[in-house]
Amino acid sequence: MTTRREPGNSLDQDRAATPAPVIEAKGLKKHFPVDTGVIAALVRRGPPRTVKAIDGVDVSVSSRSIFGLVGESGCGKSTLGMTLVRLYEPTAGRIFLSGEEVTHIHGDGLQQFRRRAQIIFQDPYGSLNPRLTVGEAVEEPLKIHGIGDRAERAVRVVESLERVNLQPRHFLHRYPHELSGGQRQRAVIARTLVLKPDFVVADEPISMLDVSIRAGILDLLEMLSKDLGLGVLYVSHDISTVRYVCDRVAIMYLGVFVEHGETDEVIDYPAHPYTQALMAAVPIADPTATRRRVELPGEVPTPIDIPSGCRFRTRCPCVMDICSRVAPPWQEVNPGHHVVCHLYQSSVTPTRLAKEAR
């Protein structure tokens, strides 16, 4: 049965089949002004221009699950993660943590929110103060939030390091430059966990690490999610790692979601033409394997001037007349698998598209 929805970027999970979300956003937007300053205001003609980094996204991440976010560079993945943890103030929309709205909280309320929502950045070396030892870096969040005395903080630091497989007797007094890339990222994860958060954004946490140690970090994230009940938003452009660690995945293009569903379903049977192109670009280890080549013409449009109708129409190989006039609604192509595309209202069936994309 096809589910019709209003044009936009709704990502509504089946709440009867999934736990209550630990983090949820509705209609989330983040726009950055382009023309700022007095001179720009004087010479500008027309309304102020903005970069629509996120332009109306609904997202829900449950506890003990890892939600993947995939898309090209500049599509808004990292901006979405940083907006969810309130490093960016949202332009519009609402954010909920365990059912409590946290969109506009400030002061003590925001500080309490920071304890429960953390982020792991892409560069582990840039995330650590080079003047602090590993032990001091992991302890710092506890000091900022006024948690425990010195002895209690020392116990929590040791527990956090052990949880990420860094033996305290070897790493407690080392500095970041004395660690490998994987050890630095484990130290960053330990610093994230020391506050015992409910939700963590992992913003491409393995992209700067050697291939040989990536699996260890991914296994650690998966274990921590299940053991500690964390909800994790895993941001990446590497589809293979998303498949390895994520329960569900959303495909992002130009500030919006274009497809979402169970990870294996979306990767094995991509429905949106953009998703099909992404999957076609993933290398296959088998040299004898063959598959249909998908090429996208042109460049990604600027997020300052979004195309009318379907945002992907300027590059879509299946573009139709309706695409320039009407924003496509959400369609359910398979149970729990949703896509925003006019193809699923035409004579081209989802089954045929899925087979062609394999």
Give me a count of the residues in region 271-308 that are surrounded by fewer than 19 Cβ atoms within 10 Å (Cβ to Cβ), part of a loop (DSSP other than H, G, I, E, B) and of a type in the set (Gly, Ala, Ser).
-> 5
Can you name the residue in region 309-319 that is modelled with pLDDT of 90 or more and either in contact with a Leu (Cβ under 7 Å, 6 or more places away or on another chain) or not in a loop (DSSP other than H, G, I, E, B) (or both) and is also nearest to residue 282 (Cα to Cα) among such residues?
-> 315
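Residue 220: in a helix (DSSP H, G or I) and surrounded by fewer than 22 Cβ atoms within 10 Å (Cβ to Cβ), yes or no? Lay out the reasoning, then the answer.
On the way: in a helix (DSSP H, G or I): yes; surrounded by fewer than 22 Cβ atoms within 10 Å (Cβ to Cβ): yes.
Answer is yes for this residue.
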Subset of region 107-122 (residues that are touching a residue at least 60 places away in the same chain (Cβ under 8 Å), part of a helix (DSSP H, G or I) and polar (S, T, N, Q)) = none
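Check region 226-235 and report whether any residue there is surrounded by fewer than 21 Cβ atoms within 10 Å (Cβ to Cβ) and either part of a strand (DSSP E or B) or of a type outside the set (D, E, K, R) (or both). Quick ask: steps written out before the conclusion?
Taking region 226-235 first, the residues surrounded by fewer than 21 Cβ atoms within 10 Å (Cβ to Cβ) are 226-229.
Checking the rest, the ones that are also either part of a strand (DSSP E or B) or of a type outside the set (D, E, K, R) (or both) come to 228-229.
Within region 226-235 (the criterion being surrounded by fewer than 21 Cβ atoms within 10 Å (Cβ to Cβ) and either part of a strand (DSSP E or B) or of a type outside the set (D, E, K, R) (or both)), the answer is yes, since at least one residue qualifies.
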Would you be able to say whether some residue in region 162-170 is at pLDDT below 95, within 24 Å of residue 215 (Cβ to Cβ) and buried (at least 20 other Cβ atoms within 10 Å of the Cβ)?
-> yes
Residue count for region 242-268, restricted to those that are out of contact with any strand residue (DSSP E or B) (no Cβ under 7 Å at 6 or more places or on another chain) and crowded, with 21+ Cβ neighbours inside 10 Å = 3
Which condition number in (1) closer than 25 Å to residue 76 by Cβ; (2) acidic (Asp, Glu); (3) modelled with pLDDT under 80 is the one that residue 299 fails?
-> (3)
From (1) of a type in the set (A, V, I, L, M, F, W, C); (2) in a loop (DSSP other than H, G, I, E, B); (3) out of contact with any Pro (no Cβ under 6 Å at 6 or more places or on another chain), pick out the condition that doesn't hold for residue 322.
-> (2)
Residue within region 281-294 that is touching an Asp or Glu at 6+ places or on another chain (Cβ under 9 Å) and either on the phi > 0 side of the Ramachandran plot or charged (D, E, K, R) (or both) present = yes
Taking the condition closer than 18 Å to residue 127 by Cα, modelled with pLDDT of 90 or more and outside any helix (DSSP H, G or I), does residue 200 pass?
-> yes
Just wondering, is there one or more residues in region 144-156 that are without any contact (Cβ under 8 Å) to a residue 24 or more places away in the chain, under 27 Å from the mean Cα position of the chain (by Cα) and within 30 Å of residue 62 (Cβ to Cβ)?
-> yes
Members of region 243-254 that are under 22 Å from residue 198 (Cβ atoms) and either without any contact (Cβ under 8 Å) to a residue 24 or more places away in the chain or assigned to a helix (DSSP H, G or I) (or both) | 245
Considering only residues that are crowded, with 18+ Cβ neighbours inside 10 Å and among the hydrophobic types (A, V, I, L, M, F, W, C), look in region 127-157 and name the one that is modelled with the lowest pLDDT.
-> 128
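Among the candidates 232, 256, single out the residue that is closer than 25 Å to residue 27 by Cβ and touching a Lys or Arg at 6+ places or on another chain (Cβ under 7 Å).
Working: 232 fails: touching a Lys or Arg at 6+ places or on another chain (Cβ under 7 Å).
Of the residues listed, the single one that is closer than 25 Å to residue 27 by Cβ and touching a Lys or Arg at 6+ places or on another chain (Cβ under 7 Å) is 256.
Consider residue 91 carefully, then state whether it is in contact with a His (Cβ under 7 Å, 6 or more places away or on another chain) and of a type in the set (S, T, N, Q).
Details: in contact with a His (Cβ under 7 Å, 6 or more places away or on another chain): yes; of a type in the set (S, T, N, Q): yes.
In short, yes.
Can you pull out every residue in region 123-141 that is part of a loop (DSSP other than H, G, I, E, B) and in contact (Cβ under 8 Å) with a residue 60 or more places away in the chain? Write out each step before concluding.
As a first pass, look at region 123-141 and keep what is part of a loop (DSSP other than H, G, I, E, B): 123, 128-133.
Listed by number, the residues that qualify are 123, 128.
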Can you work out which of the residues in region 192-227 that are of a type outside the set (Asp, Glu) and free of Cβ contacts under 8 Å to residues at least 24 places away in the same chain is nearest to residue 67 (Cα to Cα)?
-> 223
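Within region 183-196, can one find any residue that is of a type outside the set (Val, Ile, Thr), assigned to a helix (DSSP H, G or I) and surrounded by fewer than 16 Cβ atoms within 10 Å (Cβ to Cβ)?
Taking region 183-196 first, the residues of a type outside the set (Val, Ile, Thr) are 183-187, 190-191, 193, 195-196.
Among the residues that remain, those that are also assigned to a helix (DSSP H, G or I) are: 183-187, 190-191, 193.
Now restrict to residues that are surrounded by fewer than 16 Cβ atoms within 10 Å (Cβ to Cβ): none.
Looking for residues that are of a type outside the set (Val, Ile, Thr), assigned to a helix (DSSP H, G or I) and surrounded by fewer than 16 Cβ atoms within 10 Å (Cβ to Cβ), one finds none in region 183-196, hence no.
Residues checked against (1) surrounded by 22 or more Cβ atoms within 10 Å (Cβ to Cβ); (2) touching a helix residue (DSSP H, G or I) at 6+ places or on another chain (Cβ under 6 Å); (3) at pLDDT below 95:
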position: 67; (1), (2), (3): yes, no, no
position: 71; (1), (2), (3): yes, yes, yes
position: 83; (1), (2), (3): yes, no, no
position: 96; (1), (2), (3): no, no, no
position: 99; (1), (2), (3): no, no, yes
position: 109; (1), (2), (3): no, no, yes
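The values are calculated or read from the model by the stated rules, or taken from the named source; none is laboratory data. Note that this is a predicted model, so its numbers are computed, not measured. A quick note on method: Cβ atoms are made from the backbone with ideal geometry, for glycine too, and the neighbour counts reach across all protein chains shown.
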